[in-house]
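The values are calculated or read from the model by the stated rules, or taken from the named source; none is laboratory data. Here the structure is a predicted model, which is why all the values come from computation and not from measurement. A quick note on method: Cβ atoms are made from the backbone with ideal geometry, for glycine too, and the neighbour counts reach across all protein chains shown. Calculation scope for accessible area: heavy atoms of the full protein, side chains included, ligands and nucleic acids excluded. Shrake-Rupley method; radii C 1.70, N 1.55, O 1.52, S 1.80 Å.
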Amino acid sequence: MRSKSVLRLFIASLIVLGALFISGGFLLWSSTPQIFNQLIYNPYPPGILPPNLNSEIARVLREIDVVEARAIARWHSLPPPTRLPMRPGPNPPVLQGSGTESIETLGELMLFDKNMSPGRNQACTSCHMPYAGWSGPIPSVNATIIAYPGTVHFRAGKRTAQRHTYAPFFPVLQFNQEQGLFFGGNFWDSRATGYRLRNPDAEQAQGPPVDTQEMGFPDTACVAFRLQQSVYRPLFELLWGKDSLNINFPANTEVICATPGGAAVFGGNPEPIKLKPEERTEAQSAYDHWGSSIDAYEQSVQVSNFTSKFDAALKGNYKMTADEMAGFNLFNGKGNCNSCHVDGRGTTLQPGQKDTSTTATANPPLFTCFGSANEGLPLNPRNAFYYQTTPDSFGFIGNPFGFGYRDLGMGTFLRSGFGSAPNPNQNWIQFAPMVDGQFQVATVRNVAMTPPQCPTTEAGTGKPYFQKEFFHNGYIKSLKQLVHFYNTRDTSFAYPVTSGHCPPGTIERVTCWPMKEVPNNLDTTTGMLGLSDTEENQIVAFLETLTDGFTAPYPNSDTFTGQCATCDPATDPNCSPSRQGNGELIPTPPLPPCAPAICGVSPTPSPAIQ
């Protein structure tokens, strides 16, 4: 007890000292990362955090170091691009030769740089590793707390880590007046609109570095400050200009950038680094270049490379199995998946009709409509966000509303609401009630990607599996469950209960679907499809053909050093794709009404959300 009291006193002293030093002094918190790592925030009831969380975070950081080292070696192996002394004709300046690989490599170096966080302990890829399809790399997190811990352990966000693959192909967010629908943007709620850079993926890359629950810088200028110190600074300056990082930062910048965003000492100031106006502009330019460089990498063949079985089949280089082809036909027909995850062909055939359309090979389909939809997921009480109701060691409270929080998705964003981002288009505000509960229709490419040694996402198949999570709140734990949910959500399996309270005689996720967190604007193209169990499995088989790495090894998919999961159906009733993850279900506590700061913001949801 005495040691804990001493630690609390020491932490409190650091916070006070931080306030003083941020005002004008200098203290290198980052020189004592061990202290930073002791500032543990754990407001969670027993059993919420997975017991192996610390060791798994350390594992992923080691894997990140491997890829970062490979990227550095790749950079040094590139022949220098040619910068012509006089460019021919009225053309913009171009780095001839290796310019493309150079900017893609710069983006890779940035994406795997764990120095881009106050504790130097969090990279973008802490939540997005290649072997998981650029989504969450820790199976125990995917099975439990849903969102990944940030630089401050254990602050966490509220949604699953979206896959990076093919995200650069999403257009700038716009409202199609003819259809009355939004298309484009990045993030689950489309808040990375692309309004300024005209590139949603680049603007998405600017989010996590200053997200309080993720990488957590307190000021966007910290990105430029740490870029000054990076080993790849010469590559950045080669691409973006030799003076692009010549910013005179004040002496206390290190302590500011070593303090996580949301800390009480900042008093809510989003720009605690005191820069001259011209220096602030230069720092913002560097921040924009950060986003553009990462987008270049994510759009490259290192990440989005169209090397799946499906792509091979389009070229006649792979013949789908009977189940895969049956699943493809169901995907485009009875399953109605193609209504949103479009591949350029027809959908929902009527009796007597035959699909004679073909898929273009010159522009392979992305299997998304770039829109948003509310699929009616239940509230997931496993989500760590609900429990962050008390201040951490820095005085930050992640979610003051607790279980009064409701995730309205795009609706909250259009209202510039809590936990989202400012809406840059005042004309969109009026549409918030018609998109409450809607989340981005993600591409289904790489939905089934797993490390090579864990060849499936599904439990109980006789193969080692990698536990993933699906949809924005991670409620679904296998592809079988995902298809079964679409198939049976609105059948007699729907019950007016919350998760963890399914009636006796039913099995949650199998014969019981709890009530929808947000019932407004429900997508009714699914929910009662009439698929048989075999047909569900066939759609899963088709989804597995969309995993890249079939025609060529997928870059950096070999870096997983964790453990695959195994189970025995003879001793574990949840060892099946249908019941996968049911051992981690917990009862939802009695829910208070939706907080007025969420559901009471004008224009309010219609009908009202409880």
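Some values worked out for this structure:
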item: Members of the range 559-583 found to be of a type outside the set (A, V, I, L, M, F, W, C) and surrounded by fewer than 16 Cβ atoms within 10 Å (Cβ to Cβ), listed by number; result: 561, 563, 566, 568, 569, 571, 572, 573, 583
item: Considering residues of the range 478-497 that are over 20 Å from residue 438 (Cα atoms) and in a loop (DSSP other than H, G, I, E, B) only, the residue least open to solvent (accessible area, probe 1.4 Å); result: 478
item: Selection within the range 211-231 - open to solvent by 10 Å² or more (accessible area, probe 1.4 Å), of a type outside the set (Asp, Glu) and more than 12 Å from residue 283 (Cβ to Cβ); result: 212, 213, 218, 229, 230, 231
item: Residue identified as of a type in the set (A, V, I, L, M, F, W, C), surrounded by fewer than 19 Cβ atoms within 10 Å (Cβ to Cβ) and over 24 Å from residue 419 (Cα atoms) among 251, 264; result: 251
item: Matching residues, the range 121-142, being open to solvent by less than 10 Å² (accessible area, probe 1.4 Å), under 16 Å from residue 159 (Cβ atoms) and assigned to a helix (DSSP H, G or I); result: 132, 141, 142
item: Residue in the range 42-74 that is nearest to residue 147 (Cα to Cα), counting only those that are of a type in the set (Lys, Arg) and out of contact with any helix residue (DSSP H, G or I) (no Cβ under 6 Å at 6 or more places or on another chain); result: 59
item: Failed item in (1) touching a residue at least 12 places away in the same chain (Cβ under 8 Å); (2) among the small types (Gly, Ala, Ser); (3) over 21 Å from residue 115 (Cβ atoms), with residue 258 passing the rest; result: (3)
item: Conditions (1) free of Cβ contacts under 8 Å to residues at least 60 places away in the same chain; (2) open to solvent by 10 Å² or more (accessible area, probe 1.4 Å); (3) of a type in the set (S, T, N, Q): number failed by residue 98; result: (2)
item: Filter result for the condition that a residue is buried (at least 22 other Cβ atoms within 10 Å of the Cβ), touching a Lys or Arg at 6+ places or on another chain (Cβ under 8 Å) and not in a helix (DSSP H, G or I), over 160, 165; result: 165
item: Scan of the range 179-201 for residues that are in contact with a strand residue (DSSP E or B) (Cβ under 7 Å, 6 or more places away or on another chain) and surrounded by fewer than 21 Cβ atoms within 10 Å (Cβ to Cβ), ordered by number; result: 183, 184
item: Selection status of residue 460, within 19 Å of residue 142 (Cα to Cα) and either surrounded by fewer than 23 Cβ atoms within 10 Å (Cβ to Cβ) or in contact with a Ser or Thr (Cβ under 8 Å, 6 or more places away or on another chain) (or both); result: yes
item: Residue list for the range 502-548, restricted to those being part of a loop (DSSP other than H, G, I, E, B) and of a type in the set (Val, Ile, Thr); result: 506, 507, 510, 511, 518, 524, 525, 526, 547
item: So residue 389, is it surrounded by fewer than 24 Cβ atoms within 10 Å (Cβ to Cβ), touching a residue at least 40 places away in the same chain (Cβ under 8 Å), under 18 Å from residue 133 (Cβ atoms) and of a type in the set (Ser, Thr, Tyr); result: no
item: Enumeration of residues in the range 157-177 that are over 16 Å from the mean Cα position of the chain (by Cα) and either of a type in the set (Val, Ile, Thr) or modelled with pLDDT under 95 (or both); result: 172
item: Qualifying residue in the range 429-438 (condition: part of a loop (DSSP other than H, G, I, E, B), in contact with a Gly (Cβ under 9 Å, 6 or more places away or on another chain) and either open to solvent by 10 Å² or more (accessible area, probe 1.4 Å) or modelled with pLDDT of 95 or more (or both)); result: yes
item: Residue count for the range 506-521, restricted to those that are among the aliphatic types (A, V, I, L, M) and either in contact with a helix residue (DSSP H, G or I) (Cβ under 7 Å, 6 or more places away or on another chain) or crowded, with 18+ Cβ neighbours inside 10 Å (or both); result: 1
item: Members of the range 286-324 found to be open to solvent by 20 Å² or more (accessible area, probe 1.4 Å), in contact with a helix residue (DSSP H, G or I) (Cβ under 8 Å, 6 or more places away or on another chain) and either free of Cβ contacts under 8 Å to residues at least 60 places away in the same chain or assigned to a loop (DSSP other than H, G, I, E, B) (or both), listed by number; result: 289, 302, 318, 319, 320, 321
item: Qualifying residue in the range 77-86 (condition: open to solvent by less than 60 Å² (accessible area, probe 1.4 Å), in contact with a Leu (Cβ under 7 Å, 6 or more places away or on another chain), over 24 Å from residue 152 (Cα atoms) and in a helix (DSSP H, G or I)); result: no
item: The lone exception for residue 441 - which of (1) aliphatic (A, V, I, L, M); (2) over 21 Å from residue 154 (Cβ atoms); (3) out of contact with any helix residue (DSSP H, G or I) (no Cβ under 9 Å at 6 or more places or on another chain); (4) open to solvent by 30 Å² or more (accessible area, probe 1.4 Å) it fails; result: (4)
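So that you can scan it fast, the table gives a plain yes or no per residue for (1) touching a residue at least 24 places away in the same chain (Cβ under 8 Å); (2) of a type in the set (Phe, Trp, Tyr):
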site: 146; (1), (2): yes, no
site: 152; (1), (2): yes, no
site: 157; (1), (2): yes, no
site: 165; (1), (2): yes, no
site: 169; (1), (2): yes, yes
site: 176; (1), (2): no, no
site: 196; (1), (2): yes, no
